[in-house]
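This report concerns only the one structure given below.
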Amino acid sequence: MNPLFRLAAKLTGTLFCQRALGRLSLVFDHLIGVGTGAGAMSSGESIALDTMIRMPASPYTIFDVGANRGQYLRLVLDRLTGMDLSIHCFEPGSTAFQHLAEYARAIPIVQVNRVALGREEGTARLYYDRTGSTRSSLSRRQLSGAESGFD
């Protein structure tokens, strides 16, 4: 192990430091839009595309996990026009998937998949805030500013 990493592990190995780092990690996630419901333009997703534009041209494979209606897909197609792309969108919610599939139907570089992705294989309940909603989650949670949580 790199001596610098070994030193950092030793200095941050206390319960206090681990809790502080965990909180800091949550702050950084929030700032880049992770878990906030932030739109593609106001999250770290737009910054990732800016980085790709500056990189040498090569084929790219993009995964849009939790694609919803294709908001990020639209941003990718707009910002990376003319680049060699293969885009795979994953959306388990039926209503959101219908919108996504309809939009992507005529775009040959886009493959839509009605499944959720996670670290484990299996099945899970998809929670939503109301019937026909495009807002869903594998976690039962209260939606900020919403009248009700997920059912």
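The values are calculated or read from the model by the stated rules, or taken from the named source; none is laboratory data. Here the structure is a predicted model, which is why all the values come from computation and not from measurement. All Cβ positions, glycine included, derive from the backbone under ideal geometry; neighbour counts span all protein chains shown.
Give me the residue from segment 91-126 that is in contact with a Leu (Cβ under 7 Å, 6 or more places away or on another chain) and under 15 Å from residue 68 (Cα atoms) and, out of that set, surrounded by the most Cβ atoms within 10 Å (Cβ to Cβ).
91
Being modelled with pLDDT of 75 or more and in contact with a strand residue (DSSP E or B) (Cβ under 6 Å, 6 or more places away or on another chain), is that true of even one residue in segment 48-60?
Yes, there is a match, as at least one residue in segment 48-60 is modelled with pLDDT of 75 or more and in contact with a strand residue (DSSP E or B) (Cβ under 6 Å, 6 or more places away or on another chain).
Which residue, of 132, 122, is modelled with pLDDT of 90 or more and either in a loop (DSSP other than H, G, I, E, B) or at positive phi (or both)? Please lay out each step first, then the result.
On the way: 132 fails: modelled with pLDDT of 90 or more.
Just one listed residue meets the conditions, 122.
Based on what the data block shows, is residue 141 out of contact with any Lys or Arg (no Cβ under 9 Å at 6 or more places or on another chain) and either modelled with pLDDT of 85 or more or among the aromatic types (Phe, Trp, Tyr) (or both)? So that I can check it myself, show each step before the final result.
Numbers: out of contact with any Lys or Arg (no Cβ under 9 Å at 6 or more places or on another chain): yes; either modelled with pLDDT of 85 or more or among the aromatic types (Phe, Trp, Tyr) (or both): no.
No, not satisfied.
So which residues in segment 67-111 are touching a residue at least 40 places away in the same chain (Cβ under 8 Å) and either of a type in the set (Gly, Ala, Ser) or not in a loop (DSSP other than H, G, I, E, B) (or both)?
Within segment 67-111, 67, 93, 96 qualify.
Listed residues 69, 54; which is among the basic types (Lys, Arg) and under 24 Å from residue 134 (Cβ atoms)?
Working: 54 fails: under 24 Å from residue 134 (Cβ atoms).
When all the criteria are applied, what remains is 69.
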